[in-house]
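Peer 1: For reference, the structure I am asking about is given below.
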2 protein chains.
Amino acid sequence: MINPYDDTYFMKQALQEAQAAAEEGEIPVGAVITCQGKIIARAHNQTERLNDVTAHAEMLAITAATNVLGAKYLTGCTLYVTVEPCIMCAGAIGWSQLSTIVYGASDEKRGYSRFAPQAFHPKAVVKKGILEEECAEEMRRFFQGKRK
Amino acid sequence: MINPYDDTYFMKQALQEAQAAAEEGEIPVGAVITCQGKIIARAHNQTERLNDVTAHAEMLAITAATNVLGAKYLTGCTLYVTVEPCIMCAGAIGWSQLSTIVYGASDEKRGYSRFAPQAFHPKAVVKKGILEEECAEEMRRFFQGKRK
């Protein structure tokens with residue numbers, strides 16, 4: 001049986017959040033968190049709107065997800081995020097004990113895997129490259145627009 | 001002339017925040033941010049109260065300081081924090097472009113210097129060990145109390 005709710009499906013949802021960010025003039029990064037196959041939180045980067053460098057999509061999604069569950073830890077949950085998390089978000093992902101992290105485009109300049117490769121929970125599963133091209137294209141389009 | 005508003009003075013203020021955290025049953029970490037020698041934000045760990053693993057003293061202080069200044073970046077500002085920042089907070093400190101980071105006790109288990117040593121802005125100045133013993137004692141006392 002084909003499962004329509006696979007990693008690609010949820011990454012598309014994260015990508016929709018990224019697109020919403022772009023429309024608001026925010027760097028287009030989107031995230032969703034799932035629990036038992038259902039989306040419990042969705043967020044996009046809001047650093048400009050909130051004038052707050054900590055308001056990355058992942059941070060907002062983690063805070064929202066813990067509110068939804070009423071739990072402090074997100075053990076068993078999965079984060080989908082369009083771009084590889086930065087050091088800050090990777091640290092938050094570690095604290096939250098998220099079990100699975102799925103990201104689209106890599107971020108060689110700011111990504112955690114270069115600067116803080118041990119940030120996640122030791123048992124966390126990481127999948128990368130899901131809809132990589134679409135996620136990267138969203139970023140490219142945004143920064144090309146900025147340069148005009 | 002003796003300057004009463006030196007690093008020790010501001011670390012004492014951060015320590016007061018840590019003590020306030022302990023009284024609330026929170027892990028006792030406190031932070032203040034100064035700008036031109038004046039405190040513009042003070043915060044303590046609120047992960048329990050807010051049920052949010054991202055609510056570390058440094059994160060709350062950074063968000064508060066940017067609100068006070070109406071600026072997105074904290075260039076020229078100094079963060080005083082009683083315990084060495086974790087990966088998440090170090091990443092946030094990097095994004096915020098804080099110029100000087102002063103911390104009391106080292107955190108060998110969770111501190112950024114082991115896991116993400118390049119997290120701060122490349123030009124940031126780091127001072128450690130200010131009131132180290134008092135800051136560490138605050139943590140020891142808290143965890144010893146937990147074990148009773």
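The values are calculated or read from the model by the stated rules, or taken from the named source; none is laboratory data. Treat the numbers as computed from the prediction; the structure is a model and nothing was measured. Note that we place each Cβ from the backbone using ideal geometry, even for glycine, and neighbour counts take in every protein chain shown.
Peer 1: Return the pair list, or none, for Cβ contacts closer than 6 Å from residues in segment A:68-89 that are under 25 Å from B:G94 (Cα atoms) and more than 11 Å from every other protein chain (Cβ to nearest Cβ) to residues that are assigned to a loop (DSSP other than H, G, I, E, B) and β-branched (V, I, T), at least 6 apart or on different chains.
Peer 2: Qualifying pairs under 6 Å: A:T82/A:V29; A:V83/A:V29.
Peer 1: Scan segment B:90-113 for residues that are within 14 Å of chain A (Cβ to nearest Cβ), in contact with a helix residue (DSSP H, G or I) (Cβ under 8 Å, 6 or more places away or on another chain) and of a type in the set (G, A, S) and jot them down.
Peer 2: Selection gives B:A90, B:G91, B:A92, B:G94, B:S96.
Peer 1: Counting just the residues of segment A:64-89 that are assigned to a helix (DSSP H, G or I) and crowded, with 21+ Cβ neighbours inside 10 Å, which one comes out nearest to the chain's Cα centre (by Cα)?
Peer 2: A:C89
Peer 1: For the condition among the polar types (S, T, N, Q) and within 14 Å of another protein chain (Cβ to nearest Cβ), what is the one hit in A:T54, A:T34?
Peer 2: On inspection, the qualifying residue turns out to be A:T54.
Peer 1: List pairs: first in segment A:114-135 and within 14 Å of chain B (Cβ to nearest Cβ), second in a loop (DSSP other than H, G, I, E, B) and surrounded by fewer than 16 Cβ atoms within 10 Å (Cβ to Cβ), Cβ under 6 Å, 6+ apart or cross-chain?
Peer 2: Qualifying pairs under 6 Å: A:F115/B:Q118.
Peer 1: Sticking with this structure for a sec: The conditions are (1) within 13 Å of chain A (Cβ to nearest Cβ); (2) surrounded by 21 or more Cβ atoms within 10 Å (Cβ to Cβ), and B:A21 fails exactly one of them. Which is it?
Peer 2: The number of the failed condition is (1).
Peer 1: In segment A:19-52, which residue that is hydrophobic (A, V, I, L, M, F, W, C), modelled with pLDDT of 95 or more and under 22 Å from B:M88 (Cα atoms) is nearest to the chain's Cα centre (by Cα)?
Peer 2: A:A31
Peer 1: Next up: In segment A:49-87, how many are among the acidic types (D, E) and within 20 Å of A:D107 (Cα to Cα)?
Peer 2: Selection size over segment A:49-87: 2.
Peer 1: From the list A:I62, A:I87, A:I101, which one is among the aliphatic types (A, V, I, L, M) and under 21 Å from A:L131 (Cα atoms)?
Peer 2: Exactly one of A:I62, A:I87, A:I101 is among the aliphatic types (A, V, I, L, M) and under 21 Å from A:L131 (Cα atoms), namely A:I101.
Peer 1: To continue, here is another question. Which of (1) more than 14 Å from every other protein chain (Cβ to nearest Cβ); (2) closer than 30 Å to A:K146 by Cα does A:I27 not meet, given it meets every other one?
Peer 2: Failing condition for A:I27: (1).
Peer 1: So A:N45 fits all but one of (1) in contact (Cβ under 8 Å) with a residue 40 or more places away in the chain; (2) more than 9 Å from every other protein chain (Cβ to nearest Cβ); (3) crowded, with 24+ Cβ neighbours inside 10 Å; what number is the exception?
Peer 2: (1)
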